[in-house]
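Here is the structure we will look at.
The values are calculated or read from the model by the stated rules, or taken from the named source; none is laboratory data. This structure is a prediction, so every number in the text was calculated from the model and none was measured. Please note: Cβ atoms are built from the backbone with ideal geometry, for glycine as well, and neighbour counts cover all protein chains shown. Surface accessibility is based on the protein's heavy atoms, side chains included, excluding ligands, DNA and RNA. Shrake-Rupley method; radii C 1.70, N 1.55, O 1.52, S 1.80 Å.
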Amino acid sequence: MAHDAPQAAGPSKLVIRKIGLLLSGAMERPILDADTITAENGKITAIGRAKDVNTEGATTIVDANGTTVAPGLIDSHVHPVAGDWTPRQNQINWIDSYLHGGVTTMISAGEVHMPGRPRDVVGLKAMAIFAQRAFWTLRPGGVKVHAGAPVIECEMVEDDFKELAAAGVKLLGEVGLGGVKDGPTARKMVGWARKYGIQSTIHTGGPSIPGSGLIDKDVVLEADTDVIGHINGGHTALPDEQIRCICEGCKRGLELVHNGNERSALFTLRTAREMGELSRIILGTDAPAGSGVQPLGILRMVSLLSSLGEVPAEIAFCFATGNTARMRALDCGIIEVGRSADFVIIRRSIHPARTSWRACSSATCPASA
């Protein structure tokens, strides 16, 4: 039920009823006391108990049959190229596979695996505009891909960012994957991007692809991007003391990825919790990459952080939904009236350790998923 999917001709009204557990995606109220949702023409119109919700005129009725309903998961860090194909693993339909892992929204951190990716300013702008246009129209499996994220080069000037923004580009690829690897240059260009409404992410840790390099705490803090990309390494993480310094030295988003160091992810989570800033935690997979493609990567991160990170499962789900939506200014990720009707329906595992998800809520099992 991905948001922005083509609507059927004429008005539509969706009713999801008999919900067993409703996760909101919002940390301030992660579980909602409701068993029914209605949405009209792609927007949520009511959330509550069946007796209090007007379900008349429904064009589609979904019986959740006591299962869990949550916002569609958001992968904050992917590397698409063209269509539903990745040359990094020579795999097709990888985005469609992610849908079956609950991901309905993806955010590009740069189309860096494009064969022959241009490094000149004209070429990199053209490629970013192409990716933004192509993925705005294409919905593989129904997944919304926010793409068109140019990797900045030293030859760029302010007018290049103005031109990109005017063409609809809203993201920068990971700072550090191109020629810009020093703090002062990065900060100047990030400032230009921010001036024109373009959000930025920085590569953090050791080199990953040819042409990239080590990006340490000093460069990260001076660049001051909106999101600290894969703070747990992509794939090699920084030392703990540098990760702590980044967490304490800025108020930007702390992105934890599947294709990173799990121990460093847990260290970052503990540090953010000690600071009372779990709202800064967002999740991605950093795929496709040399580590492969992980359709269940976001679910695995939720499981890791809730089972070993001492946070309730319903809060860990917010890292993959509402936190990212708010940080990225998206209309999905939180179940509330007026937002996009973007949901996943989740049944419990076969032969689980617990009899229900609710049995492992924060009230009874805060360290379990």
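Annotations
- Among the residues making up segment 292-311, those that are more than 17 Å from L73 (Cα to Cα) and surrounded by fewer than 19 Cβ atoms within 10 Å (Cβ to Cβ) are G292, S307, L308, E310.
- Restricting G101, G72, G66 to residues that are farther than 20 Å from P30 by Cα and of a type outside the set (A, V, I, L, M, F, W, C) narrows the list to G101.
- Selection of segment 175-189 for residues being open to solvent by less than 10 Å² (accessible area, probe 1.4 Å) and either among the acidic types (D, E) or over 22 Å from P288 (Cβ atoms) (or both) yields V180, G183, A186, M189.
- When segment 190-207 is filtered for residues that are more than 19 Å from I107 (Cα to Cα) and surrounded by fewer than 23 Cβ atoms within 10 Å (Cβ to Cβ), the ones remaining, listed by number, are G191, W192, K195, G206, P207.
- Checked against (1) without any contact (Cβ under 8 Å) to a residue 60 or more places away in the chain; (2) touching a helix residue (DSSP H, G or I) at 6+ places or on another chain (Cβ under 8 Å), Q199 meets all criteria but (1).
- Within segment 176-198, one or more residues are over 22 Å from the mean Cα position of the chain (by Cα), among the basic types (K, R) and outside any helix (DSSP H, G or I).
- Exactly one residue among A109, A58, A50 is over 20 Å from A147 (Cβ atoms) and open to solvent by less than 40 Å² (accessible area, probe 1.4 Å), and that residue is A58.
- Residue within segment 243-262 that is at positive phi, touching a Gly at 6+ places or on another chain (Cβ under 7 Å) and surrounded by 23 or more Cβ atoms within 10 Å (Cβ to Cβ) present: no
- Of the candidates H235, H203, the single residue that is in contact with an Asp or Glu (Cβ under 9 Å, 6 or more places away or on another chain) and more than 15 Å from S76 (Cβ to Cβ) is H235.
- Considering segment 226-260, and only residues there that are in contact (Cβ under 8 Å) with a residue 40 or more places away in the chain and over 16 Å from the mean Cα position of the chain (by Cα), the residue that is farthest from P207 (Cα to Cα) turns out to be I246.
- Neighbours by Cβ (under 6 Å, 6+ apart or cross-chain): first from segment 127-141, at positive phi; second at pLDDT 95 or above: G141/D96; G141/L99
- Residue in segment 14-29 that is under 26 Å from I298 (Cα atoms), modelled with pLDDT under 95 and among the hydrophobic types (A, V, I, L, M, F, W, C) present: no
- Within the option set T236, T271, being of a type in the set (V, I, T) and either open to solvent by 10 Å² or more (accessible area, probe 1.4 Å) or within 19 Å of A325 (Cβ to Cβ) (or both) holds for one residue only, T236.
- Scanning segment 122-168 for residues that are within 21 Å of I228 (Cβ to Cβ) and of a type in the set (A, V, I, L, M, F, W, C) yields A147, A149, V151, I152, F161.
Rundown of residues vs (1) of a type in the set (A, V, I, L, M); (2) out of contact with any helix residue (DSSP H, G or I) (no Cβ under 6 Å at 6 or more places or on another chain); (3) modelled with pLDDT of 95 or more; (4) within 26 Å of E248 (Cβ to Cβ), yes/no style:
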| site | (1), (2), (3), (4) |
| --- | --- |
| G168 | no, no, yes, no |
| W192 | no, no, yes, no |
| H203 | no, yes, yes, yes |
| E222 | no, no, yes, yes |
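- When L172, L221 are screened for being of a type outside the set (V, I, T), open to solvent by 10 Å² or more (accessible area, probe 1.4 Å) and either touching a strand residue (DSSP E or B) at 6+ places or on another chain (Cβ under 8 Å) or in contact (Cβ under 8 Å) with a residue 24 or more places away in the chain (or both), only L221 passes.
- Scanning segment 201-227 for residues that are in contact with a His (Cβ under 8 Å, 6 or more places away or on another chain), not in a loop (DSSP other than H, G, I, E, B) and not small (G, A, S) turns up T201, I215.
- Among residues of segment 152-163 that are modelled with pLDDT of 95 or more, those with a Cβ under 8 angstrom from a residue that is open to solvent by 50 Å² or more (accessible area, probe 1.4 Å) and in a loop (DSSP other than H, G, I, E, B), sequence gap 6+ or separate chain, pair up as E153/R119; E153/D120; E155/D120; F161/Y196; K162/Y196.
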